[in-house]
1. Output the number of the condition that GLY372 fails; it satisfies all remaining conditions of (1) more than 25 Å from the chain's Cα centre (by Cα); (2) touching a residue at least 60 places away in the same chain (Cβ under 8 Å).
2. Just a yes or no: is a residue in the range 765-781 open to solvent by less than 20 Å² (accessible area, probe 1.4 Å), part of a loop (DSSP other than H, G, I, E, B), at pLDDT 50 or above and not charged (D, E, K, R)?
3. What's the number of the condition VAL216 fails, among (1) at pLDDT below 90; (2) among the aliphatic types (A, V, I, L, M); (3) in contact with a Gly (Cβ under 9 Å, 6 or more places away or on another chain)?
4. Among the residues of the range 505-523, count how many are assigned to a strand (DSSP E or B) and either within 17 Å of ARG546 (Cα to Cα) or of a type in the set (Lys, Arg) (or both).
5. Residues in the range 266-306 that are among the hydroxyl-bearing types (Ser, Thr, Tyr) and modelled with pLDDT of 50 or more: how many?
6. Step by step: first the residues of the range 472-493, then only those that are hydrophobic (A, V, I, L, M, F, W, C) and more than 19 Å from SER411 (Cα to Cα), then the one that is nearest to the chain's Cα centre (by Cα). Which residue is that?
7. Filter the range 673-686 down to residues that are touching a residue at least 24 places away in the same chain (Cβ under 8 Å) and touching a Lys or Arg at 6+ places or on another chain (Cβ under 7 Å) and give me whichever is surrounded by the fewest Cβ atoms within 10 Å (Cβ to Cβ).
8. Being open to solvent by 70 Å² or more (accessible area, probe 1.4 Å), modelled with pLDDT under 95, out of contact with any Lys or Arg (no Cβ under 7 Å at 6 or more places or on another chain) and small (Gly, Ala, Ser) is true for just one of ALA244, ALA254. Which residue is that?
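The values are calculated or read from the model by the stated rules, or taken from the named source; none is laboratory data. Computed from a predicted structure; not experimentally measured. When we count neighbours, we look across all protein chains shown, and the Cβ atoms used for this are built from the backbone with ideal geometry, even at glycine. In case anyone asks, the SASA skips ligands and DNA or RNA and just uses the protein heavy atoms, side chains included. Shrake-Rupley method; radii C 1.70, N 1.55, O 1.52, S 1.80 Å.
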Amino acid sequence: SDPSDFSSFIELASDDDSGISYPFASYIITPPELTPGVEYYIQVDGWSGVPGRASIKVRDFCELVVEPCTTPPVNDDATAATEITVDGQAVGFDLTCATVEAGEPAGSGWFETGGPSVDNSVWYRFIAPASGCAEIETVGNAGSVDTQLALYQASDPSDFSTFDELASDDDNGSSFLFASLIVYGQPYFILLTPGEEYYVQVDGWSGDQGTASIEVRDECPGLPTPIIKPATHSDTSDPLRDLATAAAGGTAFAKPFYYEVPKFEGPLPALGGKTSTTPGVASALDGALDEGPTVSTIPHTKVNFEGIANDDFSPNFVPPDTVGDVGPNHYVEMVNTAIAIYNRTGTPLLDPVLLGTVWQNFPLSDCAGDNGDPIVLYDQFVDRWILTQFTLGCFVPGGGLCYNCVAVSTSPDPTDSYYRYAFVAQADPTFPGSTYFPDYPKYGVWSDTYVLTTRDFSLSAAPFGVSTYALEKDKMVAGHPAPLSVQFFLDGSVPSNLIGNGLLPSDIDGKRHPTAGSPIPHIAMDFNALNMWDLSVDWTSPSSSRMVHAGELRTAKFDISYPCDFTPGGRPDACIPQPNTEQKVDFLGFFLLHRFAYRKFRGYESMVVTKNVQARTGVAGARWYEIRRYPYGDYSIYQQGTFSPDDGVNRWMGSIAQDAAGNMLLGYSVSSKEVYPGIRYTGRLADDPLGKMSLGEGTIIDGSGSQTADAARWGDYSSMNIDPVDDCTFWYTNQYYEITSSRGWQTRIASVELPGCKGSKGSKGGKSSKGSKGSKDAKGSKGGLRH
């Protein structure tokens, strides 16, 4: 009654840590007997005197205090949808007695066992604001009902055949666990029509009952703007073969062993599906499971030889981050801190040397470190090699500068000299003069651009984001000292489900150029969808470049909650078992895997990519997608499958590509309690049934040892590439173990040709014919056919 006299204060409610918007947030639901129109006081205190800043919000939640109902809600039917005022107060709802109408649709993005279904829904309607944008979210507290949302355009609310779904969501809201969020409008989707009425369906996941509220906000974030910068450092190197000779005589091999930083830095997007995190329990069978044929007819490898091994140099580290590419006369392989070059039969032309050798004597000494996460690409359009790695100067307390180091060969010979460049990473707003760490960089070759994507974060509390960079290819190939980068930074204002845990850029296979001016496709993974992004680069006017969301593609259901080691002191990324050891290795289910292989066929563009999933209880499988875009059309998933024969063997850490005929080859790691970590592959012909790897499984090499390092790191990525000479032969590299050891991994390089491919000239895609099973394995003793 008197704010100057604390004796007149009567406590009604208090709380410490029940809020969920951030750790140690507080939350109070007041008793229902507050007197309308009477003033009340709220005290906010720092626990144990902790200082800092936050915000406080008071919402009208009286409608959440409900008596047990005996009749359905007034808005149980679409014809009785309750109107919501955009940017008005949240409107409470109760799903306890809600029902389902005959013919009522279910949101395509609802993630339920057995597929989307509607169980107990209520309906709302709103008028689209002038911006054409809307954020629709269920809000509540930690005990609120598990919701799913769908947004519709309808001409007749009494006739569900007139309802056109615009968007749907299960669990991307943030106000409570399993809240739902739909973001509609630029730059992520097409705009709503201002002034037009739209319908919102709220349903309980699997019939969950309870209360929460719903609100519609006029939120229309602007397009990300290009950040245009030249390379900060550049030069032309001596021939790599000479740099390697000089390094071999010095102290370049004296680096002590280390474990690579785990790939779980930065926040992961909110879990989009009801996947299980209980060891040994899968939420449901994979929605695109392919057990393969009974008998394998896949060809043997053509060449099959040893690549870099961890014993080739003194840094002992896991994982190797194995990557490679093939040119007309060479195969170049890189691992986390080393590079080697071979001829096409496996004869070494440059023995393994540390990665920093490529940037020895470079003006930016950070690039000359053996830093890791390398990518090698061969550019078939200009007959040049691209070698890359990042730097680590920002990955320290207090911040610093990190760079992406890129070397482009001056000739077709990868042992010759290189034009070398450094591009600075995204600025860290927390530490002026510092940058984010550009983690997990992935590169692609486009007609007039080299494309780079990174996952950006720092050791500070700065928000996680992702970047894509367009690098000025023509100038880099010519050795220009200051080629431009056009960067787009997608930060926390972009809904996390649209960028997942990072973007993969397209990398062109074959010599058919995309249509002039075509945007460069990028892909991100949500937990029940793939998200496409388009990068349009204008090198005559770089400031006119754009990065836009180009569509959300709903996938067949999958489960990434592999039963990993969640025991106290265990590693949540230690998942895949091995023989004769209790040590498990990485599953890495949160990532799409290198490469996003693009190919232009006559009449359409096709892109393939793979990821790790739990195909069946306790067994990893390789999920793969083919995405197509037809002229003047949208992206769509043409086919998808999860290759996982029913033999208890884990198949993961893969890479996939297509040849000129549209045949596909997918390579991957294998392991189980009985099968040592090795390398296998599967494939399909272009006319095979959709979603099926119909040729069965072949073996590049059987492992005979396990990895015992407690770091648990495995692979990070591998690389399937296409031979530029015939546009038909697949080349693949990955890691395996011959001898059980802590970090004694080896790598293998092999090629495979599928029948029916006649090269890129005149190829139409989608056609194949029967042919030979291919030549025998070059080393016969370790590679071959698996039945």
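1. (1)
2. There is no residue in the range 765-781 that is open to solvent by less than 20 Å² (accessible area, probe 1.4 Å), part of a loop (DSSP other than H, G, I, E, B), at pLDDT 50 or above and not charged (D, E, K, R).
3. (1)
4. Looking only at that region, the number is 6.
5. 4
6. Step one: filter the range 472-493 for residues hydrophobic (A, V, I, L, M, F, W, C), giving 476-478, 482, 484, 486, 488-490.
Still in the running and more than 19 Å from SER411 (Cα to Cα): 482, 484, 486, 488-490.
Details: ALA482: 31, LEU484: 26, VAL486: 21, PHE488: 17, PHE489: 16, LEU490: 14 Å.
Going through the qualifying residues, I end up with LEU490.
7. Checking each candidate, the answer is ALA686.
8. ALA254
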